1. Once you place label points 7 Å from the Cα toward the Cβ at S7 and L97, how far apart are they in nm?
2. For the chain, what is Rg from Cα atoms divided by 2.2 N^0.38 Å, rounded to two decimals?
3. Which of K17, K25, K96 moves most in a GNM of the chain, Cα contacts under 10 Å?
Amino acid sequence: MLTISKSSEVAITIREKQLADEHMKDVELLLENMFSREEATLQLVLDRLYDIGSNNLINYRVKPRPLNRMMKWIARLTKPVFHSLAVRWSKKNCPKLIANWLYSQVQFPQPPVGK
């Protein structure tokens, strides 16, 4: 019967881990490239999310109709500030967050040792 020594199992595991780390760096770089290349799409997505979120929040929190209209007007005025901050934050943080989430989707629990 063919047996594998413990040291070769560890070497395979370390090599596989290094290979997985390199691939995840590649995934993150590809996502960064996509975010910089598709900036117009990112801006449109953020604008739509801001519109939906601000309206829903104002409708949920502000009941009097005149005050509700005024708050929606204020939300439209603050949209450019949100837009610039959100685009910068998204380009900086989203590739890493998405890569980590994708990595968590392809991981499986380790089998118990000794069984």
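All of the numbers you see were taken from the coordinates with simple rules; none came from a lab. Not measured: the values here are computed from a predicted model. Note that each Cβ is placed from the backbone with ideal geometry, even for glycine, and that neighbours are counted across all protein chains shown.
1. Result: 4.6 nm between the two label points.
2. Working: Rg = 23.5 Å, N = 115, 2.2 N^0.38 = 13.4 Å.
Relative to the 2.2 N^0.38 Å estimate, the chain comes out at 1.76.
3. Ranking K17, K25, K96 by mean-square fluctuation puts K17 first.
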